[in-house]
Amino acid sequence: MARKGWFTNWFNSPYYHQLYAHRDDKEAKAFIERLIDYLHPAAEATMLDMACGRGRHSRTLSALGFDVTGVDVAPENIRYAKRYESEQLHFQVHDMRKILCSRCFDYVFNFFTSFGYFDQLHQHELALHTMVTALKKRGVLVMDYLNCEYASRQLVAREEKTIKGISFLIERSEDARYFYKRITVIDPNLEKPLLFTEKVCKFSAVELRSMFQQQGMTVKEVMGDYQLNPFDPHTSPRLILIAQREQ
């Protein structure tokens, strides 16, 4: 049985979406369009958006004409995303550590560091196995992860924000294996502050490539930003792997 983690409560919280409401939908849309131009999928391609959140990437893929399924562990995210469902856009609650289906998608996408959340390597391997299993033969997996070396250098230890009367104290730290973000929420309508902690594993490009290979995937390309420039471990803000299932 998959253990619940920090993400279960945090991603279901309205404060999560309030804190991250500034995320740039235009940049996300431009990235998806650029990525699709690069991948050049067939018009009838089926796509899975694994850990889709509220479905912003799924909606863009669907608007480009593809049949898209978005899944996320947070029921509140899926409840919101279902407002946009159509004949070619579908959403459901699902834990990525559990098999969703076998050989049913041409493309699987995992965007915006929606991986690396678990305490044990085995849990990450299960999540990756779910994505690979969902791919048809010769199907393509795209994982958009953070570049740990770059993120470590850019880490801001403490930050305070006030959004619509709610205060957020954000404290960032790291150890040899994880990045941590401790978020204290002070809402004047609550008796006491709420505390959430994000935790993301420091997977390197070498480690992810090895994990992909163990799952029968061949890494075809490694890119370093949303403009799809080549990956540089020292200067790239992102780590975007494009891999293909061989069997």
Practice item. Have a look at Thr69, Thr113 and point out the one that is part of a strand (DSSP E or B), at pLDDT 95 or above and either under 16 Å from the mean Cα position of the chain (by Cα) or buried (at least 20 other Cβ atoms within 10 Å of the Cβ) (or both). Key: Thr69
Check your understanding: Does Met50 satisfy the criteria of being buried (at least 23 other Cβ atoms within 10 Å of the Cβ), free of Cβ contacts under 8 Å to residues at least 60 places away in the same chain and either assigned by TED's automatic domain parsing to the domain that holds Glu33 or under 14 Å from the mean Cα position of the chain (by Cα) (or both)?
Key -> no
**Study point:** Which numbered condition Ile242 misses (of (1) surrounded by fewer than 11 Cβ atoms within 10 Å (Cβ to Cβ); (2) closer than 24 Å to Phe111 by Cβ)
**Key:** (1)
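Mind checking whether some residue in region 78-97 is part of a loop (DSSP other than H, G, I, E, B), surrounded by 13 or more Cβ atoms within 10 Å (Cβ to Cβ) and touching an Asp or Glu at 6+ places or on another chain (Cβ under 6 Å)?
Yes: region 78-97 contains one or more residues that are part of a loop (DSSP other than H, G, I, E, B), surrounded by 13 or more Cβ atoms within 10 Å (Cβ to Cβ) and touching an Asp or Glu at 6+ places or on another chain (Cβ under 6 Å).
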Review point. Can you spot a residue in region 187-195 that is more than 25 Å from His22 (Cβ to Cβ), surrounded by 17 or more Cβ atoms within 10 Å (Cβ to Cβ) and of a type outside the set (Ser, Thr, Tyr)?
Key: no
Practice item. Please state which of the following conditions Gln154 fails to meet, knowing it meets all the rest: (1) touching a helix residue (DSSP H, G or I) at 6+ places or on another chain (Cβ under 8 Å); (2) surrounded by fewer than 13 Cβ atoms within 10 Å (Cβ to Cβ); (3) not β-branched (Val, Ile, Thr). Key: (1)
Practice item. Give me the pairs, please: first residue somewhere in region 109-132 and on the phi < 0 side of the Ramachandran plot and without any contact (Cβ under 8 Å) to a residue 24 or more places away in the chain, second residue anywhere and surrounded by fewer than 23 Cβ atoms within 10 Å (Cβ to Cβ) and of a type outside the set (Val, Ile, Thr), beta-carbon distance under 6 Å, and either six or more positions apart or on two chains. Key: none
Practice item. For region 37-45, indicate whether the set of residues that are under 18 Å from the mean Cα position of the chain (by Cα), assigned by TED's automatic domain parsing to the domain that holds Arg238 and modelled with pLDDT of 95 or more is non-empty. Key: no
Point to revise | Of all residues making up region 198-247, the number that are within 19 Å of Glu174 (Cα to Cα) and not hydroxyl-bearing (Ser, Thr, Tyr) | key: 13
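Going through region 98-110 one residue at a time, which ones are of a type in the set (S, T, N, Q) and buried (at least 21 other Cβ atoms within 10 Å of the Cβ)?
Correct list: Asn110 only.
Just to be sure before I move on: is Glu171 outside the structural domain of His94 (by TED's automatic domain parsing) and touching a residue at least 12 places away in the same chain (Cβ under 8 Å) in the structure I sent? Full working, then the answer.
Values: outside the structural domain of His94 (by TED's automatic domain parsing): yes; touching a residue at least 12 places away in the same chain (Cβ under 8 Å): yes.
For Glu171, the condition - outside the structural domain of His94 (by TED's automatic domain parsing) and touching a residue at least 12 places away in the same chain (Cβ under 8 Å) - is met.
The values are calculated or read from the model by the stated rules, or taken from the named source; none is laboratory data. Predicted model, so just to flag it, every value in this text is computed and none were measured. Backbone-built Cβ (ideal geometry, glycine too); neighbour counts: all protein chains shown.
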